[in-house]
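Okay, so here's the structure we're looking at.
The values are calculated or read from the model by the stated rules, or taken from the named source; none is laboratory data. If you're wondering where the values come from, they're calculated on a predicted model, not measured in any experiment. Cβ placement follows ideal geometry from the backbone for every residue including glycine, while neighbour counts extend to all protein chains displayed. The accessibility values were calculated without ligands, DNA or RNA, using every heavy atom of the protein model including side chains. Shrake-Rupley method; radii C 1.70, N 1.55, O 1.52, S 1.80 Å.
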2 protein chains.
Amino acid sequence: MLLRLDPLSPTPVFEQLARQVKTLVAKGLLRPGDKLPSVRDLARDTAVNPNTILRTLELLERDHVIIRRQGSGCFVAPRTTDLSTPARKSQLTTLAAHLVTEAFHLGFDATDIRSAVNSTLDEIDFPKRKRSTS
Amino acid sequence: MLLRLDPLSPTPVFEQLARQVKTLVAKGLLRPGDKLPSVRDLARDTAVNPNTILRTLELLERDHVIIRRQGSGCFVAPRTTDLSTPARKSQLTTLAAHLVTEAFHLGFDATDIRSAVNSTLDEIDFPKRKRSTS
DNA sequence: TTAGGTGTTATAGATGACATAGGACAGTTG
DNA sequence: CAACTGTCCTATGTCATCTATAACACCTAA
């Protein structure tokens, strides 16, 4: 579990860690069922207080990325599909709007943005679609 | 200047306001050279302290969205192009990665993500490209 | 059953971000 | 000059973040 922290970043430690775990899952380097290191191990490896690790785990569970089981550990959750659709759609729209307006003010155009998204998508391990290798 | 605040949102007021101004500019509802309402007017309209408005303006100037001129007011800046390219590219990559991993964990696939980005792009007022109406 | 691992909860304190309040200063415009 | 603009400052209160420390609760395997 290579997790690195940027102490200068304005984003809180517990969020930096959560984001990195999410990325590992999205890239398929962590797969559903995989066990995460223990709270105390993560705390030691990242030189962070166990309570801060706990915040990370709470965040990850809230986002359905992991499942926590007292006594046994934390595990990567199975892929999510069954969330209320309108809320999800709205969140996606907000995320896309944020990317686009920020990129706009960085001076990029539509082509730049689309290509950046496509590059990132290439690294993601999406589950196979129905009727793939027909 | 219709600016609305969500008092329940975890994102700070000064950032909510900055984001809304950025969106107005990106959509072409505010154009380069346009004058923003005065600090005190904005403070009154949004029921926010003038110092908080000031934070918003500082943020917007840092991101090259506006130019502040003491005594005369704040104006929408001309479109940015001359920022050091490698840093910009890196920021774009980070933004795209954030969108994609969050969307992934919301259960969306590559097609969903691409179409959400395209929908947002349709609302943006990009400057004309060279040799357009030849 | 016991030992040692797991996650969980609680308390306390340091630090800094956020926002308000109120006042004062400085440049621009008519 | 008067009235507008942005700017700065100090003080205050609140909240988020992170640390430190300790104890508790659950699970699993020897």
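Descriptive notes on the structure:
- Using alpha-carbon coordinates, inclination of helix B:110-122 to the longest axis of chain B, degrees: 40
- Inter-copy spacing of A:E15 label points, which lie 7 Å from Cα along Cα→Cβ, given in nm from shortest upward: 0.5
- Within chain A, longest stretch free of exposed trypsin sites (Lys or Arg not before Pro) [DSSP loop, at most 11 other beta carbons within 10 Å]: A:5-127
- Taken residue by residue and averaged, Cβ atoms of other chains lying within 10 Å of the Cβ of B:27-37 number 0.
- Charge dipole (Cα centre; +1 on Lys/Arg Cβ, -1 on Asp/Glu Cβ; no other charges) of chain A amounts to roughly 660 debye.
- Using alpha-carbon coordinates, inclination of helix B:85-105 to the longest axis of chain B, degrees: 70
- At 7 Å out from Cα toward Cβ: A:G73 inter-copy label distances (nm, ascending): 6.3
- Computed on the Cα atoms alone, the convex hull of the stretch B:13-76 gives a volume of 75 cubic angstrom per residue.
- Only protein heavy atoms count here, probed at 1.4 Å, and on that basis chains B and A bury about 4400 Å² of accessible area in total.
- Here the protein assembly as shown is treated with +1 on each Lys and Arg Cβ and -1 on each Asp and Glu Cβ, and its dipole about the Cα centre works out to around 360 debye.
- Accessible carbon and sulfur surface of the protein assembly as shown relative to its total accessible area, %, 1.4 Å: 53
- Taken along its principal axes, the alpha carbon cloud of chain B reaches lengths of 47, 47, 27 Å, longest axis first.
- Principal-axis analysis of the Cα atoms of chain B puts helix B:13-26 at an angle of about 70° to the longest axis.
- Shielding of A:57-68 by partner chains, average beta-carbon count, 10 Å: 1
- As a calculated quantity, the FRET efficiency between A:S38 and B:S38 at R0 = 41 Å, using C-beta atoms, amounts to about 0.15.
- If you take the Cα centroid of the stretch B:14-56 and the Cα centroid of the stretch A:30-84, the two points sit 39 Å apart.
- A dipole drawn for chain A from +1 and -1 charges on Cβ atoms has a positive end, and of A:A103, A:L17, A:S38 the residue lying farthest that way is A:S38.
- Over the protein assembly as shown, the fraction of Cα-Cα pairs per 5 Å bin, rounded to whole percents and listed from the shortest bin up, is 1, 5, 11, 14, 15, 15, 14, 11, 8, 5, 2, 1, 0, 0.
- Residue mean of other protein chain beta carbons inside 10 Å, B:85-95: 4
- Label separation (A:S9 vs A:R68): 2.1 nm, computed from points 7 Å beyond Cα along the C-beta direction.
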